[in-house]
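Below: the structure, in C-alpha cells.
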Amino acid sequence: MGRMILPLCPHPHVSLSSYSTLPLKQISIRKIRNSVRALSITPFEMEQPMRGRALMEFPHLLAPHKDLMVGLISALDKRLHRHLLPSSATVPPEAEYYQNQSGASQGSLCINRGIDFILASWLRLSSPTGAMNITNIQGYLKSSTDAPHFQFELVQCSPTYFIFFLDLIPRKDLVLNPDYLKTFYEDSQLEALRKQLGTQVLEAKPYFSSSLYFRNVVSPTGIVVSITCEDGGTAGRAEEIIRDNIEPIANEVLEIWMDSCVCKGGTTTAGENERDQLEKRDRMIKSRAIEMDLSSSMPIQFGQEVADRVLGIIRGVFRL
Amino acid sequence: MAVSFSPILHLPHSLPSLLALKSSRTKISATGSLSSSSSSASQMDLHNQGRQKFIEFPFVSAPNRDLMVNLVSTVEDRLGSHLLPCTLPLDVQHCQNESGSAQASLHIRSGLQSSQVDFILGSWLHCKLPTGGALNITSLSTYLNPSTDAPNFMIELIQSSPTSLVLILDLPPRKDLALSPDYLQTFYENTQLDTHRQMLMKLPEVQPYVSSSLYLRSVLSPTVVLIQIGAEEGGPERMEEIIKNHLHPTAQEVLGIWLDHCACGERLVGEEEKAYMMKRDRLIKKKTIEIDLGTNFPRLFGPEVTDRVLGAIQKVYSI
C-alpha cells in the first residue's frame, strides 16, 4: 500500500513520487536533525516524514481497524502539519518500535510535538490466554489555550470483544464553568454522536472503568463502551462495526476537535493564573493516565529496560 | 393555571405552652415533629403541619414511601440537633394546581450556624399524565456548607409507571476530582461506594440511565447509582420487591456512609478553598433548581406558584 506518512509541504525541488520510493531506513535521523539545525528550516518546510514506518503498519489488526487508524492519523497530518514536528524529533528509533524477547508482544510509539503533542501508538500484548491489540491517539493542547484535549482508544481484547473510548477531555471543572460546558459540549454535535453510536450498535454497552479517576476525567459526552459481537468465531460483525459505525464517528469527533480547539484557540486568552491552573490539572491527568495504563503493565510485558526507555520518553514529553 | 393553596390550620390543643427562652435548642419527638421552647407557635406549627403533609408521600407505593420515610427519619435523628425547623410558608410546603392533578411538597431545613450543614431538602412531586398514569418524583438532598469540603448526598426516585423507575443515588463531590485524587480516595474508594452500583447493576431489570442534562452528568460522582428499572415482565409486584429488597437497603447504606464520613466527619478547609467551594456550591444550587424545578413547575403549576416557590427556595439557598 502507498505511504500515508508524507508531509504535505514537500520541498519544491523534490517531487512527491520520487520521494516516496526512498526507504526510510536509509535516511539517518541524526543527519536530518543536524541539517535542520544547520539550515534553520522550520519543520513544515522539510520533507521530513511525520513518523517512522513502524507505527503506520498497525500489524495484527482487523483490516477496518487498521484503516480507521491510518485514516485518523492522516486527517491529523492534513489539518495540523503546520503545527507539528516529526516524531523523530522526540522518539528515537529504539522506542519507535519495541518488542519483548520472544517478539510476541510489540509496540510502536509516535509523538509529534507542536500543539503540545499528538501521541499515537499501538500495542500488542500477548499472554497465554490470547493477544490484545491496543490502539491509541491522544492530542494534548498547550496551556495557552483551554480547549479540550482529544482522546481515542480502540482495544481489541478478543476477536469479538472490543472497548472503545472517544472523548474531548475537559480542561476545567465543568461544574464551576457552565459556559465552558456550553461552548465545547452543549453547543456541539458530541452528544448526538454519542447517541448515534448507541442506536446504531446494539452490541455497545457502557463500560465502567475500574479507575474512578478515569471515570471522572471523561466528559459528559464521552463515549466509553464495550462491544461484544456474537459472531460464531468470525470477525465479520466486528469489522462491520468498526468500518460502518466507529470510523465515521471517530473522524467526526476528530474534526470537531481540530475545528473548535486547534483552529479557534480556546475560550479565553488565558491569564497567568489560569495557565497555572491548566498546567496543574493537565499534569495530574497525564500522570494518572501513565500510571494507570502503562507503568505497571509495560515492565511485565516488555522487561524493565524497554519499559524504562519508552516510559522515559513519554514522561519527558508529558513533562512529568 | 390558577392555584389553590393549603389553608392555614388552627393550632392543635396538644401543643405545649411556650416559654420565651434564650436558647434555641429544639427537641424532636418520636414522630419527628418539633417542640421548641423558643420558637413561636406559628413557626412550630408551620414546620409540623408542612412536615406532616410531606412525610405522607401520598401517591407512591408503600415500598417507595417506606424508603423515603426511613431516609428522612434517619437524617432527622442523626442531624436534628443541627437543624432549624422548616420555615417555608405553608403554600410553598404544599402546593397544587386547580384540578389537583399536580401536587408538590417541599420540606427544607437550614442548618444551625454552628453546624456543617447548609440545609436539607426533601420533596415529592405528583402529576397525573394524559395517558392515564401518573409521574411521581420523591427526593432527598443534603447540602453541606464550606466549613467542610465533604461530599453532599442525594437520592431521587422518578417513577413514571408502576413498572418503570429511574433512581439517582449519589454523593456529589464538592471539589474538582481531577485535581484531588486524595479526596477521591477518601470519600469514594475507601468507602467502597462503587460496590453498591455494581450490585444493583446485576439485577436483570436494571440498565444504566443517561440524564439528558450534561450539567447534571458533571455534578454527579464516578460512583453514582444512575439506573433505570424496567419491571414489565414481573409487573408492579416485582418493582415493589426491587424497591424493598434492593433499593431501600442500598439507599440506607449510602446515607449511612454519608452521615458517618461526611456530615459528621471533620475536615480542615483553608480560606482559599472555602472561597472556591462557596462559588462552586452556589452554582450547583442555582443550576439544579433550574434543572429540577425550572422544567416541571411552570408547566404544572403556572408562573405564579413557580415564582413563589422559587423565591422561597432562593431565600433559603441564599442565592
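Brief remarks on what is shown
- Arranged from fewest to most other beta-carbon atoms within 10 Å of their beta carbon, B:R280, A:R113 become A:R113, B:R280.
- Given charges at Cβ of Lys, Arg, Asp, Glu: chain B dipole, positive-most of B:Q49, B:T142, B:G265: B:Q49
- Helix-derived mean residue ellipticity, 222 nm - over chain B, DSSP H n ≥ 4, -39500 (n - 2.57), to 500: -12000 deg cm²/dmol
- Using a cutoff of 8 angstrom between alpha carbon atoms and counting only pairs six or more residues apart, the relative contact order for region B:154-239 works out to 42 percent.
- Each Lys or Arg adds one and each Asp or Glu subtracts one; over the other residues with Cβ under 14 Å from the Cβ of B:I257, this totals -3.
- Full extension of the segment from B:E273 to B:T74, taken as 0.36 nm per residue of separation minus the current Cα-Cα distance, would add 68.6 nm.
- Note on chain B: with a GNM built from Cα contacts shorter than 10 Å, the maximum mean-square fluctuation among B:L129, B:L67, B:L214 falls on B:L214.
- Residues B:C264, B:C86, A:C157, A:C229 arranged by fewest to most Cβ contacts within 10 Å: B:C264, A:C157, A:C229, B:C86
- Simple Cβ-charge dipole of region A:25-267, Lys/Arg +1 and Asp/Glu -1, about Cα centre, in debye nearest 20: 940 debye
- Scaled radius of gyration (Cα, divided by 2.2 N^0.38 Å) that region B:78-126 gives: 1.38
- Legend: distances between Cα atoms for A:K78/A:K182; A:K280/B:K175; A:K172/B:K175; B:K244/B:K285; pairs beyond 23 Å are A:K78/A:K182; B:K244/B:K285.
- Label point 7 Å beyond Cα of B:K286 along Cβ direction - residues of region B:103-117 with amide nitrogen under 18 Å: none
- Potential extension, A:A63-A:R275 segment - 0.36 nm per residue separation minus Cα distance: 72.1 nm
FYI, it's all coordinate maths here, none of it is from the lab. Remember, it's a predicted structure, so these values are computed and weren't measured experimentally. Methodologically, a virtual Cβ is constructed for each residue, glycine included, from the backbone with ideal geometry; neighbour enumeration extends over all protein chains shown.
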